[in-house]
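Written out below as structure tokens is the structure these notes cover.
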């Protein structure tokens with residue numbers, strides 16, 4: 001959606017999609033707006049509770065069944081396992097997606113990792129297709145005035161134009177851009193120390209894996225340290241996503257991560273949106 005500043009001010013039910021890499025402030029803004037009559041739709045939360053829930057539980061049960069004590073309890077229905085994902089803690093999704101590398105170091109074998117990546121992609125696409133229905137639910141069932149769509153950092157990787165078209169039709173697209181090297185360094189360091197579920201385009205993953213193997217004198221993905229590979233590949237993933245996000249941002253508006261860091265309440269956020277709209281005109 002595109003607006004003039006005046007049209008935006010008179011938009012009764014504001015629906016905004018926040019775009020950008022993990023760590024730029026999307027969830028910070030969403031949590032802040034939730035305290036001001038905004039419905040917070042988290043794409044990753046929807047993925048974990050709806051589209052990957054069974055797969056997550058199956059993976060947990062598979063591990064539990066390898067422990068004789070737990071296997072007996074499960075086979076006799078004496079215990080049950082549930083997915084306790086939270087918007088502020090995506091641990092179950094992160095555990096399911098896993099990290100590529102040596103299984104003895106907690107990594108996931110390449111074939112399994114690629115299968116999980118494909119499942120994650122399909123789940124994210126499905127979660128984004130749910131946005132219009134949740135905009136309607138937010139207003140009609142829960143009585144929220146406004147709606148914020150907090151998407152995963154991998155939205156630009158999905159290579160599904162229909163998803164972007166859908167979001168542009170139903171929401172204002174707001175891209176949070178990292179504009180200087182210091183902010184970029186902090187974001188990458190934060191993502192490396194506190195990782196979120198990562199999706200890699202298949203061709204990017206194979207290309208970068210081959211580079212990593214070559215640099216480290218390794219022959220197979222199963223020899224890689226999963227944590228080391230994740231830390232190594234993230235800056236490359238970050239830079240590969242920037243032009244993809246900038247293309248999507250042409251259909252919406254752009255603010256910087258530094259501007260987002262200054263937002264303290266709803267009025268600050270609305271003012272920032274008006275600034276972004278005015279800049280684009």
- What helices (runs of 4 or more DSSP H) completely inside the range 214-281 contain at least 1 residues that are buried (at least 16 other Cβ atoms within 10 Å of the Cβ) and at pLDDT below 95? 226-249, 257-261
- Message: Considering only the range 165-179, I want to know if a residue exists there that is surrounded by 20 or more Cβ atoms within 10 Å (Cβ to Cβ), modelled with pLDDT of 95 or more, in a helix (DSSP H, G or I) and within 18 Å of the chain's Cα centre (by Cα).
- Response: yes
- Which ones in the range 106-117 are under 18 Å from residue 231 (Cβ atoms) and loosely packed, with under 14 Cβ neighbours inside 10 Å? 106
- Message: Testing residue 144 on (1) in contact with a helix residue (DSSP H, G or I) (Cβ under 9 Å, 6 or more places away or on another chain); (2) at pLDDT 95 or above; (3) in a loop (DSSP other than H, G, I, E, B); (4) surrounded by fewer than 16 Cβ atoms within 10 Å (Cβ to Cβ), one condition comes back false. Which one is that?
- Response: (4)
- Query: Can you name the residue in the range 180-203 that is within 26 Å of residue 107 (Cβ to Cβ) and touching a helix residue (DSSP H, G or I) at 6+ places or on another chain (Cβ under 6 Å) and, of all such residues, is surrounded by the most Cβ atoms within 10 Å (Cβ to Cβ)?
  - Reply: 197
- Query: Does residue 41 satisfy being in contact (Cβ under 8 Å) with a residue 60 or more places away in the chain and either under 24 Å from residue 165 (Cα atoms) or in a helix (DSSP H, G or I) (or both)?
  - Reply: yes
- Of the listed residues (70, 74, 90), the one being closer than 30 Å to residue 133 by Cα, in contact with a helix residue (DSSP H, G or I) (Cβ under 7 Å, 6 or more places away or on another chain) and surrounded by 13 or more Cβ atoms within 10 Å (Cβ to Cβ) is 90
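The values are calculated or read from the model by the stated rules, or taken from the named source; none is laboratory data. Nothing here was measured: the structure is a model prediction, and the numbers come from that model. In this analysis, Cβ positions are derived from the backbone assuming ideal geometry, glycine residues included, and neighbour counts consider all displayed protein chains.
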